[in-house]
Amino acid sequence: MTDRIAVLGAGMVGTSAALELRRKGHEVVLIDRRGPGEETSYGNAGVIARESVKPINSPELWKILPKMVLNRSAKMRYAPGYILKNAGWMTRFLWNARGSKAADTARALDALLGLSKETHLAWVQEAGIPQRVRQDGWMDLHRTQESLDGGMGETRLFDELGLRWEVLDAKALHDLEPHIKPGFAGAIWAKDAATVDNPGAVVKAYAKLFAQMGGEIREQAVTGLEQAGAGWTVRLGAESLEAKHVVVAMGAWSKPLLKSIGVRPHLANERGYHMHYAAEGNATLGRPFYDVSGAYVIAPMEQGLRLTTGVEFNETDAPKNLAQWRMAEANARMAFPLAEKLEDEPWMGRRPTTPDGRPIIGAVHGRPGLWLDYGHQHVGFTSGPGSARLLAALIGGEVPPIDPAPFRPDRF
Ligand SMILES: Cc1cc2nc3c(=O)[nH]c(=O)nc-3n(C[C@H](O)[C@H](O)[C@H](O)COP(=O)(O)OP(=O)(O)OC[C@H]3O[C@@H](n4cnc5c(N)ncnc54)[C@H](O)[C@@H]3O)c2cc1C
């Protein structure tokens, strides 16, 4: 039996895992049906969100839930059939939206995101792309003083975790970002976040580094997985590949593959959309912002100003529902001088989310050589590298860099 490790899925999560495993001297093959970083890891808002430790199923979810049920909000939408089909997952997701559980998750994510940011900053240097990273944070914009005061609740958590932040009044916001339109009471500036100008290009640069270190990349669809003696057979259509270890890192698509081998995936899709825009006149934006009442992000990217939307619970491949994006666009035009759209149709991605808002990282009990690394929800672009370091230490039998317990696959 070969000692090879096959990593399935080359988004930020799988590419990072492959890179870290290769650095440790393993023989690694990274397999994706497309090129690296062409799905969800391409189209996100590009925030290395060091401070995003609060899962979306925190106690605040209960306050907004009655509005969300109406299914007209820009923040969260759902396909009713999807909710019914995933009623068990939804129930556990809501059950975990309680203070003590969200606080445990925040502590676990704090460790993972800290490790991840440090790793990103080292890897962008090694991959020769430091110019893609800005280290000047991002902001939550609040329309009213009441909303800003409410947002200050989160800064208590930032203080506990030693994260830097600053509150900006309307004037200070204008001084920092003069092209944001008036009408905001102020902003909370999370200063430890970093941001990139093209998330897909960052994944591709990490994949190139992996290949330069002797890693193998295959552009083939995984069609099945079978335990074979002391290892695994990965089915790739008519071909197959033998490996001692397999890492499942296919984001939202991990679900059908795991179900096919009898492993419960604990996963739901939070779909999201983006569109690029030109700016009117000489308008520029220094860093991304999230408009709390409008429920969208605008992030300055190489491709233009990227508007990303909130959450839509729906099947991976159900047709796009553009209502939420239209609403986000209308809200965004009130906040920033956006000019014409730069594409015909919005892009769509899938945030892979677990019932407790923590990724699943580690070994599957009773299936030697099967490793999981998926479920990175809203922070997978950030947390791919830290997850990779944890996973590679577990596979190598080393002391893990952070506590693996909160991410264990058998915790549910
Ligand atoms: C609108 C939006 C904004 C976001 N903003 C941010 C942000 O600012 N910061 C942040 O940290 N996170 C953000 N996220 C979340 C982040 O993008 C995801 O958590 C992350 O991309 C997940 O990475 P992944 O590698 O697990 O999945 P993906 O990037 O989806 O990768 C999965 C890979 O599996 C491959 N695959 C699927 N099926 C097969 C098969 N059968 N055979 C072979 N390969 C297969 C796919 O081709 C794909 O490359 C955002 C997400 C969205 C939707």
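The values are calculated or read from the model by the stated rules, or taken from the named source; none is laboratory data. Being a predicted model, the structure only gives us computed values, none of them experimental. Heads up, the Cβs are rebuilt from the backbone with ideal geometry, glycines too, and the neighbour counts pull from every protein chain shown. Calculation scope for accessible area: heavy atoms of the full protein, side chains included, ligands and nucleic acids excluded. Shrake-Rupley method; radii C 1.70, N 1.55, O 1.52, S 1.80 Å.
For the range 22-62, enumerate the residues that are of a type outside the set (Asp, Glu), in a helix (DSSP H, G or I) and either open to solvent by 50 Å² or more (accessible area, probe 1.4 Å) or within 15 Å of the ligand (Cβ to nearest atom) (or both).
Just the residues of the range 22-62 that are of a type outside the set (Asp, Glu), to begin with: 22-26, 28-31, 33-37, 40-50, 52-59, 61-62.
Subsequent filtering for residues that are in a helix (DSSP H, G or I) retains 22-23, 40-43, 61-62.
Across the range 22-62, the qualifying residues are ARG22, ARG23, THR40, SER41, TYR42, GLY43, TRP62.
Mind checking which residues of the range 358-382 are at positive phi, open to solvent by 10 Å² or more (accessible area, probe 1.4 Å) and within 11 Å of the ligand (Cβ to nearest atom)? Spell out the reasoning first.
Restricting attention to the range 358-382, the residues satisfying the condition of being at positive phi are 362, 366, 369, 375, 377.
Still in the list and also open to solvent by 10 Å² or more (accessible area, probe 1.4 Å): 366, 369, 377.
Within the range 358-382, just GLN377 meets the criteria.
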Q. Does LEU225 satisfy the criteria of being touching a residue at least 12 places away in the same chain (Cβ under 8 Å) and more than 9 Å from the ligand (Cβ to nearest atom)?
A. yes
Q) Among the residues of the range 277-302 satisfying the criterion of being within 14 Å of the ligand (Cβ to nearest atom) and part of a loop (DSSP other than H, G, I, E, B), which is nearest to LYS75 (Cα to Cα)? A) ALA295
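What residue, among those in the range 110-164 that are among the hydroxyl-bearing types (Ser, Thr, Tyr) and farther than 23 Å from ARG358 by Cα, is surrounded by the most Cβ atoms within 10 Å (Cβ to Cβ)? Explain how you work it out, then say what you get.
First, the residues of the range 110-164 that are among the hydroxyl-bearing types (Ser, Thr, Tyr): 116, 119, 144, 147, 155.
Restricting the remaining residues to those that are farther than 23 Å from ARG358 by Cα gives 144, 147.
Numbers: THR144: 14, SER147: 16.
Checking each candidate, the answer is SER147.
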Q. If you scan the range 259-276, which residues turn out to be more than 12 Å from the ligand (Cβ to nearest atom) and under 17 Å from ARG411 (Cβ atoms)?
A. VAL263, ARG264, PRO265, HIS266, ALA268
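Select, from PRO319, PRO256, the only residue that is open to solvent by 10 Å² or more (accessible area, probe 1.4 Å), outside any loop (DSSP other than H, G, I, E, B), out of contact with any strand residue (DSSP E or B) (no Cβ under 6 Å at 6 or more places or on another chain) and of a type outside the set (D, E, K, R).
PRO256
So which of ALA392, ALA335, ALA405 is surrounded by fewer than 18 Cβ atoms within 10 Å (Cβ to Cβ) and more than 15 Å from the ligand (Cβ to nearest atom)? Steps first, answer last, please.
On the way: ALA392 fails: surrounded by fewer than 18 Cβ atoms within 10 Å (Cβ to Cβ); ALA335 fails: surrounded by fewer than 18 Cβ atoms within 10 Å (Cβ to Cβ).
Going through ALA392, ALA335, ALA405 in turn, just one is surrounded by fewer than 18 Cβ atoms within 10 Å (Cβ to Cβ) and more than 15 Å from the ligand (Cβ to nearest atom): ALA405.
Being buried (at least 18 other Cβ atoms within 10 Å of the Cβ) and within 11 Å of the ligand (Cβ to nearest atom) is true for just one of PRO385, PRO355. Which residue is that? Spell out the reasoning first.
Details: PRO355 fails: within 11 Å of the ligand (Cβ to nearest atom).
After ruling out the rest, the residue left standing is PRO385.
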